[in-house]
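Below is one structure, written out as structure tokens; the observations come after it.
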Amino acid sequence: MSVLSSAACAIALGASLGSGSALAQTEPTFSSAFRSAIGLMLTHEYEEARPIAEQALTLASDPAEHYRARHVLTDISARLGDWQATASYSGEAYAIIMDDPALQGALVLNAAHMAAEEARAATMLNNLDRAADANARMIALHPQAGEGWRAIAPDGAVHDGGLSCPLLSEGLLRFDLLGADDALPGCVYWNLDDVGLRVLDGDGFEAELTRLQAASETTRELEPPETLQALGEQARLFDLGAPTPVSEPRHALVLSLHNAQRTLTLEFPATTTHAALAALSERFADLP
């Protein structure tokens with residue numbers, strides 16, 4: 001993905017942009033193979049990235065490298081609709097983090113993301129017991145979730161304040177839960193078209209504006225067209241720029257709804273249609 005499936009999975013791993021061409025070295029290392037796979041993923045060449053990521057896995061020599069290779073293979077497999085491989089790689093990546101105290105301390109958020117990926121893959125495979133287990137692990141482990149969330153089998157997440165966030169909705173995967181440190185309860189979704197959506201239960205409009213304005217020195221505000229202004233009682237649009245030199249520019253739209261009782265932020269490739277954004281805002285504005 002431009003922002004990789006696990007909401008920038010390779011960026012979250014600290015991977016640098018590498019060449020998308022075949023490996024130039026006669027004896028590749030884990031790092032060269034990993035960077036090359038990431039380069040191909042950033043240009044959406046997932047079929048080509050898969051064997052190179054598999055090669056990186058064979059070259060991995062420590063738990064961190066084994067985890068990183070499986071994280072990337074999780075993302076590639078999901079993009080290709082290979083749900084059996086997605087379930088296997090995400091489950092293995094989760095276990096590697098949880099079995100290593102150093103990795104668990106540094107990458108607990110990534111473990112929650114891998115559990116979410118495993119839950120989606122298990123759902124697609126109609127393995128609802130595995131989906132329920134992975135969903136519960138994601139909710140219990142997520143460091144940004146706070147105290148108020150509980151799992152509802154097989155795929156629900158319900159907050160004590162009332163917000164209910166299913167695992168999958170409109171093709172989007174619930175990837176994060178919010179609510180720790182006095183933050184508004186919320187959930188964050190991503191889909192395989194690089195569209196992200198943050199649902200906040202309450203008036204988080206100004207906080208979202210501040211978050212986006214601080215996200216990058218290149219962030220700039222745009223005048224939203226009337227079709228987007230009409231989606232909320234308040235609406236602000238931002239140009240976030242391109243996350244990598246080969247990525248499509250991204251925009252973000254912040255909406256205040258229901259007399260400031262619901263805040264939505266959509267992040268999306270700049271070419272996303274207004275009709276698609278309207279459909280998503282309508283669906284997530286009315287989550288219980």
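The values are calculated or read from the model by the stated rules, or taken from the named source; none is laboratory data. What you see is a predicted model, and the numbers here were worked out from it, not measured in a lab. Cβ coordinates were reconstructed from backbone atoms using ideal geometry, including for glycine residues, and neighbour counts include every protein chain displayed. Ligands, DNA and RNA are excluded from the accessible area calculation, which covers all protein heavy atoms including side chains. Shrake-Rupley method; radii C 1.70, N 1.55, O 1.52, S 1.80 Å.
Hey, among 59, 17, 40, which residue is out of contact with any Lys or Arg (no Cβ under 7 Å at 6 or more places or on another chain), of a type in the set (A, V, I, L, M, F, W, C), modelled with pLDDT of 50 or more and open to solvent by 20 Å² or more (accessible area, probe 1.4 Å)?
On the way: 17 fails: modelled with pLDDT of 50 or more; 40 fails: open to solvent by 20 Å² or more (accessible area, probe 1.4 Å).
Just one listed residue meets the conditions, 59.
Considering each of 131, 119 in turn, give the residue that is open to solvent by less than 10 Å² (accessible area, probe 1.4 Å), under 22 Å from residue 191 (Cβ atoms) and under 17 Å from the mean Cα position of the chain (by Cα).
Details: 131 fails: under 17 Å from the mean Cα position of the chain (by Cα).
Every option except 119 fails the conditions.
Only one of (1) open to solvent by less than 40 Å² (accessible area, probe 1.4 Å); (2) at pLDDT below 95; (3) of a type outside the set (Val, Ile, Thr) is not met by residue 147, so which one is it?
If we test residue 147 against (1) open to solvent by less than 40 Å² (accessible area, probe 1.4 Å); (2) at pLDDT below 95; (3) of a type outside the set (Val, Ile, Thr), just (1) comes out false.
So is residue 123 closer than 24 Å to residue 199 by Cα and among the β-branched types (Val, Ile, Thr) or not? Let's see the steps before the verdict.
Numbers: closer than 24 Å to residue 199 by Cα: yes; among the β-branched types (Val, Ile, Thr): yes.
When the stated conditions are applied, residue 123 passes them.
Conditions (1) out of contact with any helix residue (DSSP H, G or I) (no Cβ under 6 Å at 6 or more places or on another chain); (2) loosely packed, with under 15 Cβ neighbours inside 10 Å, marked per residue:
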{"site": "154", "(1), (2)": "no, no"}
{"site": "160", "(1), (2)": "yes, yes"}
{"site": "163", "(1), (2)": "yes, no"}
{"site": "168", "(1), (2)": "yes, no"}
{"site": "178", "(1), (2)": "yes, no"}
{"site": "214", "(1), (2)": "yes, yes"}
{"site": "235", "(1), (2)": "no, no"}
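State all residues of region 180-202 that are surrounded by 16 or more Cβ atoms within 10 Å (Cβ to Cβ) and more than 20 Å from the chain's Cα centre (by Cα); if no residue qualifies, say none.
Once the filter is applied, which keeps residues that are surrounded by 16 or more Cβ atoms within 10 Å (Cβ to Cβ) and more than 20 Å from the chain's Cα centre (by Cα), region 180-202 yields only 202.
Hey, any hits in region 221-244 for a residue that's touching a Leu at 6+ places or on another chain (Cβ under 7 Å) and at pLDDT below 95?
yes
Output yes when any residue across region 247-254 is polar (S, T, N, Q), surrounded by 14 or more Cβ atoms within 10 Å (Cβ to Cβ) and in contact (Cβ under 8 Å) with a residue 40 or more places away in the chain, and no when none is. Walk me through it before giving the result.
Taking region 247-254 and keeping what is polar (S, T, N, Q), we get 247.
Add one more test, that the residue is surrounded by 14 or more Cβ atoms within 10 Å (Cβ to Cβ), and what stays is 247.
Next, from what is left, pick out any that are in contact (Cβ under 8 Å) with a residue 40 or more places away in the chain: 247.
Checked region 247-254: at least one residue is polar (S, T, N, Q), surrounded by 14 or more Cβ atoms within 10 Å (Cβ to Cβ) and in contact (Cβ under 8 Å) with a residue 40 or more places away in the chain.
Condition check ((1) within 17 Å of residue 268 (Cβ to Cβ); (2) touching a strand residue (DSSP E or B) at 6+ places or on another chain (Cβ under 8 Å); (3) of a type in the set (S, T, N, Q); (4) not in a strand (DSSP E or B)) across all residues:
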position: 144; (1), (2), (3), (4): no, yes, yes, yes
position: 162; (1), (2), (3), (4): no, no, no, yes
position: 180; (1), (2), (3), (4): no, no, no, yes
position: 192; (1), (2), (3), (4): yes, no, no, yes
position: 198; (1), (2), (3), (4): yes, yes, no, no
position: 210; (1), (2), (3), (4): no, no, yes, yes
position: 221; (1), (2), (3), (4): yes, yes, no, no
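With the condition kept exactly as written, say whether any residue in region 257-279 is in contact with a Cys (Cβ under 8 Å, 6 or more places away or on another chain) and either open to solvent by less than 70 Å² (accessible area, probe 1.4 Å) or within 30 Å of residue 45 (Cβ to Cβ) (or both).
From region 257-279, those in contact with a Cys (Cβ under 8 Å, 6 or more places away or on another chain) are none; that's our starting set.
No, every residue in region 257-279 fails to be in contact with a Cys (Cβ under 8 Å, 6 or more places away or on another chain) and either open to solvent by less than 70 Å² (accessible area, probe 1.4 Å) or within 30 Å of residue 45 (Cβ to Cβ) (or both).
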